Every structure is written in structure tokens, then in C-alpha cells.
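A.B. asks: Could you have a look at this structure, given as C-alpha cells, before my questions?
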Amino acid sequence: LLLLLACNISFGQENQLNTAAAEKGLTKISILYPYAEGKTFDITYYETKHMPMVAALLGTNLVKYTIEKGIASGIPNTPLPFMAIGTFYVKSLSDYQAAIAPNREAIRSDFPNYTNASPVILVSEVIR
């Protein structure tokens, strides 16, 4: 049992290292939806309609995307900082921008279907 447990721990760590290595150097586009009184977010619509629509525009440049639902602040008894975060991992920022630019209005016009919040966008490079 201990050997099996050790193998599982080792495999889990190795799997995390392989994932980190595969993502290193990618461009990460994080779309953060700030929480504020009166702001709403339909995570089901976002997951089933909006993110797949945008992901389809990115084609083979897209490596993966993630969706996170905010559940708490990191500081007890303080408001939730973000209701949700959507993230695209892409190979090329210029290819991402070229795919989004002609579709920007269609993407923005879908916002009212799932939120009344204005997103904050962070573009970063994955280091590890």
C-alpha cells in the first residue's frame, strides 16, 4: 500500500511537471469578471455558449481554455474579488489578436447574455 501511495504521489508530481513544461512560453489571456454589488454572472451560459464560441474562433492557435467560478476571497470576511475568470492559452498572441479583431463586436454583444459586469483582461506569458 505504501509503495502504491508513493507511486501515486510521484506520478501526480510528474504529471504536474509535464503540464507546466507543456504550458511554458504560451500566452495566457485571462478575462476576469470583477464582483460588485448588483453584478450578475451566468456561469452555465458562459461555459456552454460564450467560451466555446470564442474558442472556436481561435482554431489551432488555442492550446486549451479554462473557466473558473469565484467562490471566496483569500481574506476572510472580505467580498469576492472576481465572480468568474475565463482563460485562453494560445501559442501566438498575434494570431489570437488577428482572430479576435474581426469578431470583437460579436463577442461583446454576447456579454449581456451572461453578465452585466465589465471584464478586466490580462495578457501574460506562462513562465511555469
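The values are calculated or read from the model by the stated rules, or taken from the named source; none is laboratory data. As the structure is a prediction and not an experimental result, all values here were calculated from the model. Virtual Cβ from ideal backbone geometry, glycine too; neighbours counted across all protein chains shown. Side chains are part of the model used for accessible areas, which takes the heavy atoms of the whole protein and leaves out ligands, DNA and RNA. Shrake-Rupley method; radii C 1.70, N 1.55, O 1.52, S 1.80 Å.
A.B. asks: Which of the residues belonging to segment 59-105 are of a type in the set (S, T, N, Q), within 26 Å of residue 116 (Cα to Cα) and open to solvent by less than 70 Å² (accessible area, probe 1.4 Å)?
C.D. replies: Filtering segment 59-105 for residues of a type in the set (S, T, N, Q) gives 60-61, 66, 73, 77-78, 87, 92, 94, 97, 103.
Next cut, within 26 Å of residue 116 (Cα to Cα) only: 66, 73, 77-78, 87, 97, 103.
Listed by number, the residues that qualify are 66, 73, 78, 87, 103.
A.B. asks: How many residues does segment 92-128 contain that are among the acidic types (Asp, Glu), closer than 18 Å to residue 61 by Cβ and not in a strand (DSSP E or B)?
C.D. replies: Step one: list which residues in segment 92-128 are among the acidic types (Asp, Glu), which gives 95, 105, 110, 125.
Of the ones still in play, those that are also closer than 18 Å to residue 61 by Cβ are 95, 125.
Subset that is not in a strand (DSSP E or B): 95.
Number of matching residues: 1.
A.B. asks: If you go through segment 11-21 one residue at a time, do you hit one that is touching a helix residue (DSSP H, G or I) at 6+ places or on another chain (Cβ under 7 Å), among the hydroxyl-bearing types (Ser, Thr, Tyr) and either within 27 Å of residue 62 (Cβ to Cβ) or at pLDDT 95 or above (or both)? Let's see the steps before the verdict.
C.D. replies: Applying the first criterion (touching a helix residue (DSSP H, G or I) at 6+ places or on another chain (Cβ under 7 Å)) to segment 11-21 yields none.
Checking segment 11-21: not a single residue is touching a helix residue (DSSP H, G or I) at 6+ places or on another chain (Cβ under 7 Å), among the hydroxyl-bearing types (Ser, Thr, Tyr) and either within 27 Å of residue 62 (Cβ to Cβ) or at pLDDT 95 or above (or both).
A.B. asks: Tell me the residue from 62, 32 that is touching a Pro at 6+ places or on another chain (Cβ under 7 Å) and either closer than 21 Å to residue 128 by Cβ or without any contact (Cβ under 8 Å) to a residue 12 or more places away in the chain (or both), please. Spell out how you get there, then give the answer.
C.D. replies: Working: 62 fails: touching a Pro at 6+ places or on another chain (Cβ under 7 Å).
Only one candidate qualifies: 32.
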